[in-house]
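> Take this structure first; my questions come after.
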């Protein structure tokens, strides 16, 4: 689970302001942090199928947000991909 402080730090870093939780970059960064946090859980609990479904929904949501960002602001998309280390 992501702590409140970590979440606030991510929002400030990627949203530009601590109250800008709705920016696409901040949402993508938060989803990425949650997805990375859950990876360890699924290594320990491979039969958690309900949790796996939730993880796949988060991955799909992040993918749609990335597609939106790519279509609206390609430079911000490239910077975010590089900073989060999502693609090669």
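> Using Cα centres only, tell me the gap between the range 1-33 and the range 36-60 in whole Å.
21
> Kindly put 7, 44 in sequence by how many other C-beta atoms sit within 10 Å of each C-beta, fewest to most.
So the ranking, lowest neighbour count to highest, is 44, 7.
> For the residues 2, 74, what sequence is obtained by ranking on other C-beta atoms within 10 Å, fewest first?
Starting with the residue having the fewest Cβ neighbours, the order is 74, 2.
> Further question: Once you order the gyration tensor axes a ≥ b ≥ c over the Cα atoms, which shape class does the range 28-88 get: rounded for a/c under 1.5, otherwise prolate or oblate by comparing a/b with b/c?
Taking the square roots of the gyration eigenvalues as a ≥ b ≥ c, the range 28-88 is prolate.
> Between 26, 50, 76, find the one with the highest GNM mean-square fluctuation for the chain; connect C-alpha pairs within less than 10 Å.
Ranking 26, 50, 76 by mean-square fluctuation puts 50 first.
> Report, in deg cm²/dmol and to the nearest 500, the calculated mean residue ellipticity at 222 nm for the chain, where each DSSP H run with n ≥ 4 adds -39500 (n - 2.57) and the sum is divided by the residue count.
Helix-only estimate at 222 nm: -26000 deg cm²/dmol.
> Using Cα atoms only, what is the angle between the long axis of helix 4-15 and the major principal axis of the chain, expressed in degrees (0 to 90) to the nearest 10?
40
> Highest GNM mean-square fluctuation, the chain, Cα pairs closer than 10 Å: which of 65, 31, 56?
The residue that fluctuates most here is 56.
Bear in mind these aren't lab numbers, they're just calculated from the coordinates by the rules spelled out. Please read these numbers as outputs of a predicted model, since none were measured by experiment. Virtual Cβ from ideal backbone geometry, glycine too; neighbours counted across all protein chains shown.
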